[in-house]
């Protein structure tokens, strides 16, 4: 049932992913995160142009059972918001690494990415957490 | 204390269930998607492991009169094989638990109580029993597994497993399902037709597999606690410990349909008479969000002048619906059904309206007076 962890992006310890495309970073939550939340029924995201800081909450993903903050893996300015996911939060469950993306952030400082995990390290983190 | 496992634990594991600890028991919170599980019950059939629930047997010459004093509803109105929704109150009229009582063939009664309250209920009942003779009580919770089969096609499914007649609504029969000894009750906690099947621990996994197998063509889904919660909320059924507890009375919780005030006496009656005369301070109502968002347990409710008037006790977003729903307590005379109010969702004030706490037949978004329907859910004999 679990989807493979894609190798083309970086992960935070709080289970967000970022995919870097030039100066932009697409942000979403991992398959593990959506699995533990259960069916997502509500998403709250910042507006375009808002500033976000690494490690700070940028939005909320709610499932039937839990409210979960989404933390920004990188600092920058919100360039795009996925309106489709606001209207259809189930996309986060169906396609967390694709159509379930949340934001595009214009990255301020690429050095921040050193704090993030690659796919293998993230997989290792999940194995550790499962113990 | 380590969490208990139900006899179905390994069966759930094999289905990749996600577990949660509830009432000191590891139970599936979801198998795949709580949304699909919820809809399976509304449209076809779903099965739930409810082995955590408690089962008490009460027997003996004075069993009926003992229970009639102990519980709020009228036990003497129960025919053989009939069930009744009832409440266990303390002397202050506070709700210790809500339960279903079944009158069995041999003059024995079965009480099905909430898992989280087994110890508290048992303590209360044992203490009350001391002053009465000719009553035997047994806490059989550890011996019994329980599987709930709920949904429009629940009876169709059970008919595949037995030739004998299925019980009528709010009745119980002792029958064999595919050669497994069971007690089949036509009760539930979803707002749909359905059954709650009591059986020995050792047979639980066998029956679970048989149900899944035979239910396949009907669109059966194994369901977890998340779906159980969203279904009961949509049906306007209260959860003890969340929507009411020992500090709430049936008058406040809107449960007086399960209280027979004409009975000579029962524990808590005096307190209810006094509260009726004095008036209540809060009242349970339904709430529907008009803005986006979810109202959750503990969220505060304000009137349009921003005065706090109440608190949400349960909330959720039923699958396929646009507006979140919930149950809440509103301070007496501070607002009424139909009023617009505000819910503080983590600092954001979301618009909502107060409605009757039953959402299930509500396809167009308007909430009709469902008081009578709610009564019939618990099917009281009149």
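Looking at this structure, is residue A:26 within 14 Å of chain B (Cβ to nearest Cβ), in contact (Cβ under 8 Å) with a residue 12 or more places away in the chain and buried (at least 18 other Cβ atoms within 10 Å of the Cβ)? Judged against the criteria, residue A:26 is not a match. Counting only residues that are part of a loop (DSSP other than H, G, I, E, B), under 18 Å from the mean Cα position of the chain (by Cα) and within 12 Å of chain A (Cβ to nearest Cβ), region B:15-30 holds 0 of them. Can you find a residue in region B:305-319 that is surrounded by fewer than 16 Cβ atoms within 10 Å (Cβ to Cβ), within 14 Å of another protein chain (Cβ to nearest Cβ) and within 24 Å of residue B:34 (Cβ to Cβ)? No; the residues of region B:305-319 include none that is surrounded by fewer than 16 Cβ atoms within 10 Å (Cβ to Cβ), within 14 Å of another protein chain (Cβ to nearest Cβ) and within 24 Å of residue B:34 (Cβ to Cβ).
Applying the criterion of being out of contact with any strand residue (DSSP E or B) (no Cβ under 9 Å at 6 or more places or on another chain) and within 27 Å of residue B:319 (Cβ to Cβ) to the residues of region A:1-23, the residue that is nearest to the other protein chains (Cβ to nearest Cβ) is A:1. Selection within region A:60-102: residues that are within 21 Å of residue A:118 (Cβ to Cβ) and assigned to a strand (DSSP E or B). The member of this set that is nearest to the other protein chains (Cβ to nearest Cβ) is A:70. The single condition among (1) within 13 Å of chain B (Cβ to nearest Cβ); (2) farther than 22 Å from residue B:318 by Cβ; (3) surrounded by 20 or more Cβ atoms within 10 Å (Cβ to Cβ) that residue A:57 does not satisfy is (3). Kindly indicate whether any position in region B:56-65 is in contact with a helix residue (DSSP H, G or I) (Cβ under 9 Å, 6 or more places away or on another chain), within 25 Å of residue B:193 (Cα to Cα) and surrounded by fewer than 19 Cβ atoms within 10 Å (Cβ to Cβ). No, because not a single residue in region B:56-65 is in contact with a helix residue (DSSP H, G or I) (Cβ under 9 Å, 6 or more places away or on another chain), within 25 Å of residue B:193 (Cα to Cα) and surrounded by fewer than 19 Cβ atoms within 10 Å (Cβ to Cβ).
Quick check on my filter: what residues within region B:80-111 are over 24 Å from residue B:252 (Cβ atoms) and in contact with a strand residue (DSSP E or B) (Cβ under 7 Å, 6 or more places away or on another chain)? Of everything in region B:80-111, those that are over 24 Å from residue B:252 (Cβ atoms) and in contact with a strand residue (DSSP E or B) (Cβ under 7 Å, 6 or more places away or on another chain) turn out to be B:80, B:81, B:82, B:83, B:102, B:103, B:104, B:107, B:108, B:109, B:110. Kindly check whether there is at least one residue in region B:61-74 that is in a loop (DSSP other than H, G, I, E, B), free of Cβ contacts under 8 Å to residues at least 24 places away in the same chain and either within 21 Å of the chain's Cα centre (by Cα) or under 30 Å from residue A:39 (Cβ atoms) (or both). No: region B:61-74 contains no residue that is in a loop (DSSP other than H, G, I, E, B), free of Cβ contacts under 8 Å to residues at least 24 places away in the same chain and either within 21 Å of the chain's Cα centre (by Cα) or under 30 Å from residue A:39 (Cβ atoms) (or both). Just name the residue that is nearest to the chain's Cα centre (by Cα) out of those in region B:264-299 that are under 17 Å from residue A:64 (Cα atoms) and away from chain A (no Cβ under 14 Å). For region B:264-299, the residue satisfying everything is B:287. You will find that of B:107, B:93, the residue that is at pLDDT below 95 and either more than 14 Å from chain A (Cβ to nearest Cβ) or part of a strand (DSSP E or B) (or both) is B:107 and no other. Can you confirm whether residue A:81 is out of contact with any helix residue (DSSP H, G or I) (no Cβ under 7 Å at 6 or more places or on another chain), under 24 Å from residue B:298 (Cα atoms) and free of Cβ contacts under 8 Å to residues at least 60 places away in the same chain? In short, no. Residues in region B:320-332 that are without any contact (Cβ under 8 Å) to a residue 60 or more places away in the chain and touching a strand residue (DSSP E or B) at 6+ places or on another chain (Cβ under 9 Å) were compared, and the one that is surrounded by the fewest Cβ atoms within 10 Å (Cβ to Cβ) is B:332.
The values are calculated or read from the model by the stated rules, or taken from the named source; none is laboratory data. Every value quoted in this text rests on a predicted model; they were computed, and no experiment measured them. Ideal geometry is used to build each Cβ from the backbone, glycine not excepted, and the neighbour counts take in all protein chains shown.
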